[in-house]
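Below is one structure, written out as structure tokens, with a few remarks after it.
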Amino acid sequence: MAQRAIALTNTRLEPSKIEPRHDAVAILIPCYNEELTIGTVVRQFRAEMPSAHVYVFDNNSSDRTVDEAREAGASVFHEPRQGKGYVVQTMFQQIDADVYVMVDGDATYSPSQIHDLVAPVLAGEADMVVGSRLTNGSHSEFKRLNRLGNRLFLSVLNQIFRVRLTDILSGYRAFSRRFVREIPLFGGGFEIETELTIRALGRGYRIVEVPCDLTERPRGSHSKIKLVSDGLLILNTILALFRDYKPLTFFGIAGLVLVAAGFIPGAIVTLEFLRTGLVLRLPSAVLAVGLVLCGVLLMMAGLIVHTIVRRFQEFDHQLRVLARESKPAGTVRGEGR
């Protein structure tokens, strides 16, 4: 069972008293064909937090994204595997910093709100801070379908993991160094934000939400999200990680559904047998027995997998404790690359 030591807040933190050290903050910008906006995004974030280093990770752009990013003063890296998830994996592997800020390169997030994001991490109050676009304190411009999809996925996740998050698809986030070094990521596409959130919940990391505003893309800039295919991918990610982190609940529900389904033909056959003394619907009897047996087997499988997952969670916890104890005293500072 996943730990649930989660701190949630929808109030703005006061970051003015917390000044990040030089090169302690890395701003990571995944990009694909964002030549119209990337230069502005890099300049605005450099002006907002001069002490931070800005990295742009290009994902096979066919326009002038790379040139615009370099001219604006960013360090540019390349990720040949197509997909935002692969870009995030590479960003986390290649950049070393105390605090990481991830933001999209489409100029829809406000650079001034970066202080709200990094403050809880610098204060040691959060491992991941999510810029929530859907809180009461946010003024976000959403397309109707995007808002509907967001709320649908959010409802599913909150019900499954019994939390009260307000935005799981935000691309504006801050992370602690420990979180970036320890979190395992495997998703290759736009499901990466969902995976980050669920793995943080499953591994007991502290999540803080702060309000942020989402603005419309500039004219001529287009979203890369495909509503149907990416929506199905996100839903599949939620269900797959639900299975991985809460197998007893996942397989238990599936097993109970099959057992309940087996009772329907089973009840018909039983009533006929009590009335006539004969089994007149042999196929229905076989179906009922098969459904009940499959349901029981699923519940047993869930119990076994749950036990294995718990043991692996204990093992993972011990590894993290040993890793922290083996580190030298002091905080590792970010590298300007």
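Derivation of every value follows stated rules applied to the coordinates shown; laboratory data play no part. The model shown is predicted, which means the values in this text are computed figures rather than measured ones. In this analysis, Cβ positions are derived from the backbone assuming ideal geometry, glycine residues included, and neighbour counts consider all displayed protein chains.
For Phe57, nonlocal amide neighbours, meaning residues 5 or more places apart or on other chains whose placed amide H falls under 5 Å from its own, are Ile29, Cys31, Phe77.
Taking the Cα centre of segment 201-314 as reference, the dipole from Cβ charges on Lys and Arg (+1) and Asp and Glu (-1) amounts to some 160 debye.
Over the chain, dividing the summed -39,500 (n - 2.57) contributions of all DSSP H runs of at least 4 residues by the number of residues returns a 222 nm mean residue ellipticity of -16500 deg cm²/dmol. With bins 5 Å wide beginning at 0, the percent of Cα pairs of segment 223-262 falling in each bin runs 6, 22, 17, 16, 15, 13, 7, 3, 1, 0.
Full extension of the chain between Thr249 and Asp67 yields a length gain of 60.5 nm, computed as 0.36 nm times the residue separation minus the alpha carbon distance.
Couplings 3J(HN,Hα) for segment 89-97, derived from phi with the Karplus relation 6.51 cos²θ - 1.76 cosθ + 1.60 (θ = phi - 60°), are 4, 5, 4, 5, 6, 9, 9, 10, 7 Hz, where x marks Gly and Pro.
Taking Leu148, Leu271, Leu36 as the candidate residues, the one with maximal mean-square fluctuation in a Gaussian network model of the chain, Cα springs under 10 Å, is Leu271. Under the criterion of Cα pairs below 8 Å and six or more residues apart, the relative contact order for the chain equals 21 percent. A simple spin-label model places pseudo-atoms 7 Å from Cα toward Cβ; at Val163 and Arg151 they are separated by 2.1 nm. Modelled this way, with points 7 Å down the Cα-to-C-beta line, the labels at Arg81 and Val286 are 4.6 nm from one another. Computed on the Cα atoms alone, the convex hull of segment 96-176 gives a volume of 115 cubic angstrom per residue. Of Phe273, Ile160, Ala285, which is farthest towards the positive pole of segment 148-286's charge dipole, taken about the Cα centre with +1 and -1 on the beta-carbons of Lys, Arg and Asp, Glu respectively? Farthest along the dipole direction, towards plus: Ile160. Projecting label points 7 angstrom from Cα along Cα→Cβ for Glu125 and Leu185 puts them 2.5 nm apart.
For segment 53-68, 3J(HN,Hα) computed residue by residue from phi via the Karplus equation (6.51, -1.76, 1.60; θ = phi - 60°) reads 9, 9, 10, 10, 10, 7, 10, 6, 5, 9, 10, 9, 4, 4, 4, 5 Hz, glycine and proline entered as x. Considered as an equivalent ellipsoid built on the Cα gyration tensor, the chain has semi-axes of 45, 23, 18 Å, the largest given first.
Counting only the Cα atoms, segment 30-120 fills a convex hull of 91 Å³ per residue. Where in the chain lies the longest segment free of GluC sites (Glu not before Pro) that are both loop residues by DSSP (not H, G, I, E, B) and have at most 16 other Cβ atoms within 10 Å? Maximal segment without exposed cleavage sites: 1-124. Running Debye on segment 146-297 with equal point scatterers at the Cα sites and no solvent, what base-10 log of I(q)/I(0) appears at q = 0.16, 0.21 Å⁻¹? Each listed q corresponds, in turn, to -0.94, -1.32.
At an R0 of 41 angstrom, the distance between the Cβ atoms of Phe273 and Asp316 translates into a FRET efficiency of 0.20.
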